[in-house]
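Worksheet for the structure shown next.
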Amino acid sequence: MYTEKVMDHFQNPRNVGEMKNADAVGEVGSIACGDIMRIYLKVDENDIITDVSFKTFGCAAAVASSSVMTELVKGKSIDEAMRITKKDISDTLGGLPAPKVHCSILATEALEEAIKNYQAK
Amino acid sequence: MRKVYLDHSATTPVRKEVLESMLPYFTEAWGNPSSIHQWGRTSRKAVEQAREEIAQYIGAEPREIFFTSGGTEADNLAIFGTVEAKKGMHIITSSVEHHGVLDACQYLEKQGYEVTYLPVNEYGQVNPEDVRKALRPDTVLVTIMYANNEVGTIQPIKEIASITREAGVWFHTDAVQAVGSIPVDVKDLGVDMLTLSAHKFYGPKGIGALYVRKGVRPKPITHGGGQERKIRPGTENVAGIMGMAKALELAIADLDQNMKRITGLRDRLIQGIRENIPEVVLNGHATARLPGNVNMSFLYIEGESLILSLDMVGVAVSSGSACTSGSLEPSHVLMNMGMDHQQAHGSLRMTLGVSTTAEDIDYVVSELTQIVEKLRAMSPLYNSKNL
Ligand SMILES: Cc1ncc(COP(=O)(O)O)c(C=O)c1O
């Protein structure tokens, strides 16, 4: 059902945990399935995301999507990070089963929320 | 790695003796029971012998047993067969039925029938008085399951049956999870129709039966030959029928002993989890519960994550989480018991069977303890609570 990549990110999630002194936090909940994702960003004076971490309440696809998303944004500028799509996440994971595509959307929404909060500061 | 199968409510392995009882009917006695030559007569004799045995094990007459392709078909036959046979547009069921009943009722609603889905209390039980209140002059059927497949809650079938009997309305019960796990006697229960399925009691998949009390006669829902007294036409699954009879014989022979042993293991699992893992909730009823059913919610984490993590350490379980349903909806059973979304999301069903040992249980408790800790460390809900 899941690709090896998904299972790897589920078993060994990258950048998991909360972040002290984060510059921005974004949290979204899926109305559809009840999953919740929270992401923390550390951003330097040049708008580069230097550190990122997440916490997720959800299935393997949700955990893997969050984990891959943190890998994709690390080192990117805010502008670049905003261009990450659900397809980037699902492609990096080698694809997600159809009913689980919304998990990758949740990851991009959490990121957008964090960036929005950063920009509002 | 240790392998522990705790998903016996999904299906069970076929016992060796059961398989052996079936094999001759593939290669030796393979005749069509409807043929009048000796090949046919041998098969007919075997089928009728099996029918007699199965009837006896559930307190029925042989003529009251109709073989089907399993639980789903027997449920469908009871429901569609009844609305075909009786005049009236109203059906009463519960809000926690298996999809074999639930989806059939929802289909009938689309055809213009009215269906009352009776509520259940927090333990998943129907109140018999609600059945009485829901009865109408145009009610043709009451269908309420004997034991729930998710939370193991046992319904007050006898009490409901006395109400429907008084009202003269047919009463069907889906006893798929009950037969082979707890005593089932159709006369004692007083039901008009009862569904059973062999693969839940160590028999083969694809064979089941509908008990239909004498004097009750649903119409066939498939049309063809005259088999099963025209109620369920089609050449009999002879080997399957033989396997079901053998499986039921073995289940009944060991019933008391297994009930006692498995209930003990069930309570060991519940207690082990409660002692080692904080913030867990037992779903379902404490005592009106199938011997092998444990259903618990692990707050702040999600069921599919639990299933996959347990799978990696050799443990097979299931969940009522939205993430495992394919529909993004958590289990209707848990939701209709009044559970909040998060609790349903973190539910885990562990169903024990005849091969489960105390060592299995202790292994599961210890693995689960570590897994829950790891997943909770990842959960934004757990965190925010402890900040
Ligand atoms: C309560 C209940 N009813 C019906 C069924 C369906 O039985 P079958 O798999 O034989 O169609 C099941 C099994 O999944 C069940 O648990």
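The values are calculated or read from the model by the stated rules, or taken from the named source; none is laboratory data. Here the structure is a predicted model, which means the values were calculated and not measured. All Cβ positions, glycine included, derive from the backbone under ideal geometry; neighbour counts span all protein chains shown. Remember, those area values only see protein heavy atoms, side chains included, never the ligands or the DNA or RNA. Shrake-Rupley method; radii C 1.70, N 1.55, O 1.52, S 1.80 Å.
Numbers below:
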| read-out | value |
| --- | --- |
| Residue within segment B:144-156 that is within 11 Å of the ligand (Cβ to nearest atom), under 11 Å from the mean Cα position of the chain (by Cα), of a type in the set (Val, Ile, Thr) and more than 14 Å from chain A (Cβ to nearest Cβ) present | no |
| Subset tally (residues that are away from the ligand (no atom under 16 Å from the Cβ) and either closer than 15 Å to B:LYS246 by Cβ or out of contact with any helix residue (DSSP H, G or I) (no Cβ under 6 Å at 6 or more places or on another chain) (or both)) for segment B:62-72 | 2 |
| Helices (runs of 4 or more DSSP H) enclosed by segment B:273-355 - at least 1 residues per element that are modelled with pLDDT of 95 or more and open to solvent by less than 10 Å² (accessible area, probe 1.4 Å) | B:303-312, B:332-336 |
| Breaking point among (1) assigned by TED's automatic domain parsing to the domain that holds B:PRO218; (2) buried (at least 23 other Cβ atoms within 10 Å of the Cβ), for B:GLN38 | (2) |
| Which listed residue, of B:VAL4, B:VAL101, B:VAL18, is among the hydrophobic types (A, V, I, L, M, F, W, C), farther than 26 Å from B:LYS187 by Cα and either within 16 Å of the ligand (Cβ to nearest atom) or open to solvent by 10 Å² or more (accessible area, probe 1.4 Å) (or both) | B:VAL18 |
| Qualifying residues in segment B:161-179 (those that are among the hydrophobic types (A, V, I, L, M, F, W, C), in contact with a Phe, Trp or Tyr (Cβ under 7 Å, 6 or more places away or on another chain) and within 16 Å of the ligand (Cβ to nearest atom)) - the one nearest to B:ASN293 (Cα to Cα) | B:ALA178 |
| Only listed residue being at pLDDT 95 or above and open to solvent by 20 Å² or more (accessible area, probe 1.4 Å), chosen from B:GLY215, B:GLY225 | B:GLY215 |
| Filtered residue count, segment B:38-61, keeping only those that are of a type in the set (Asp, Glu) and within 16 Å of the ligand (Cβ to nearest atom) | 0 |
| Odd one out for A:MET19, checked against (1) open to solvent by 50 Å² or more (accessible area, probe 1.4 Å); (2) more than 8 Å from every other protein chain (Cβ to nearest Cβ); (3) assigned to a loop (DSSP other than H, G, I, E, B) | (1) |
| Inter-residue pairs, beta-carbon under 6 Å, first in contact (Cβ under 8 Å) with a residue 40 or more places away in the chain and farther than 25 Å from B:GLY168 by Cβ and in segment B:91-111, second assigned to a helix (DSSP H, G or I) and within 13 Å of the ligand (Cβ to nearest atom), 6+ apart | B:VAL96/B:VAL333; B:GLY100/B:GLY71; B:GLY100/B:THR72; B:GLY100/B:ASP75 |
| Considering residues of segment B:280-326 that are in contact with a Pro (Cβ under 8 Å, 6 or more places away or on another chain) and on the phi < 0 side of the Ramachandran plot only, the residue farthest from the other protein chains (Cβ to nearest Cβ) | B:GLY320 |
| Residues (touching a residue at least 12 places away in the same chain (Cβ under 8 Å), outside any strand (DSSP E or B) and farther than 21 Å from A:LEU93 by Cβ) located in segment A:35-47 | A:ASN46, A:ASP47 |
| Those residues of segment B:75-96 which are buried (at least 24 other Cβ atoms within 10 Å of the Cβ) and closer than 27 Å to B:PRO330 by Cβ, in sequence order | B:ASP75, B:ILE79, B:ILE91, B:ILE92, B:THR93, B:SER94, B:VAL96 |
| B:LEU368 vs. criteria more than 10 Å from every other protein chain (Cβ to nearest Cβ), aliphatic (A, V, I, L, M), crowded, with 20+ Cβ neighbours inside 10 Å and within 22 Å of B:ALA147 (Cα to Cα) | no |
| Any hit, segment B:237-249, residues being assigned to a loop (DSSP other than H, G, I, E, B) and assigned by TED's automatic domain parsing to the domain that holds B:LEU77 | yes |
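Per-residue answers, yes or no, for (1) in contact with a Pro (Cβ under 9 Å, 6 or more places away or on another chain); (2) of a type in the set (Phe, Trp, Tyr); (3) outside any strand (DSSP E or B); (4) open to solvent by less than 40 Å² (accessible area, probe 1.4 Å):
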residue: A:PHE10; (1), (2), (3), (4): no, yes, yes, yes
residue: A:CYS33; (1), (2), (3), (4): yes, no, yes, yes
residue: A:VAL52; (1), (2), (3), (4): no, no, no, yes
residue: A:SER65; (1), (2), (3), (4): no, no, yes, yes
residue: A:GLU80; (1), (2), (3), (4): no, no, yes, no
residue: A:ILE89; (1), (2), (3), (4): no, no, yes, yes
residue: A:LYS100; (1), (2), (3), (4): no, no, yes, yes
residue: A:ILE105; (1), (2), (3), (4): no, no, yes, no
